[in-house]
Amino acid sequence: MLAICFFIGTSIFPQKIGGLSCVAYLYAFSIIPAEPENYMGLLMYFLGTSLLIARGHLKKNRKKKLIILGLILILLCLTHLRFGFRIFINYFLGTTGGILVISLYTFFMNAYYANTLVYEEKKLNIANYPKLTERDCRILQKIQKGEKYSVIAKDENITEGSLKNRLHFVFDTMETGDKQGFLSYYDDWELYYNPQTSEPKNKQENGNLVD
């Protein structure tokens, strides 16, 4: 039951709690070799891989990394040979079917979002979040450019510790969880700050670290 709740939670909020992909993999590695009749391990393995993709960890050398993950899964499945050839074949066929279903689902979902996002202007007014400020917007823009926290803190005339604390609040407000979650979604978005055209997402007032 706990595994099912974890699967549902991470599927709904991949950017926010997707950093727990390691938990999904640990569960998969403990279940797949030991319980050939339990397909939850396989499901968690695919979940871990999906979370890596959702959080942008596979942007570079994606094909090579996916091939490696596929080979690891094959090796895990081969451990079922010790239970007998029939059990191995049944699990292999079930795994193959699962891969096909998930691949088709991923294909259609990607096609859907691709057609939807064509018409979506990738711009975000940070003023839509009443607790965030113009300085927060500048900081996020610098994070998009890949600048280090130490450089950003120096430019903004604050300590690196204060910057990290503020970013924890910013990412929580934007419901992205952390830096990686933010970049996985907003990496190619244009961020700006304009209170006059904002559409507040909540009624909270501005927080700390204002200009």
Given the pairs Lys65/Lys123; Lys131/Lys154; Lys64/Lys154; Lys63/Lys131; Lys63/Lys164; Lys63/Lys179, which span a C-alpha to C-alpha distance of over 29 angstrom in this model? Lys65/Lys123; Lys64/Lys154; Lys63/Lys131; Lys63/Lys164
Summing +1 for each Lys or Arg and -1 for each Asp or Glu, what net charge is found among the other residues whose Cβ lies under 12 Å from the Cβ of Glu147? +4
Estimated distance in nm for a label pair at Leu78 and Asn165, the labels positioned 7 Å out from Cα along Cα-to-Cβ: 5.3 nm
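Fully extended, how many nm does the chain gain between Gln180 and Lys145 (0.36 nm per residue separation, minus their Cα-Cα distance)? Write out the running numbers ahead of the final one.
Values: separation 35, 0.36 × 35 = 12.60 nm, distance 1.32 nm.
Length gained, Gln180 through Lys145: 11.3 nm.
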Grab the beta carbon distance between Leu71 and Ser30, set R0 = 30 Å, and tell me the FRET efficiency rounded to 0.05. 0.95
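Bear in mind that the values in this text are calculations on the coordinates, not laboratory data. Bear in mind the structure is a predicted one, so any value in this text is a computation, not a measurement. Cβ coordinates were reconstructed from backbone atoms using ideal geometry, including for glycine residues, and neighbour counts include every protein chain displayed.
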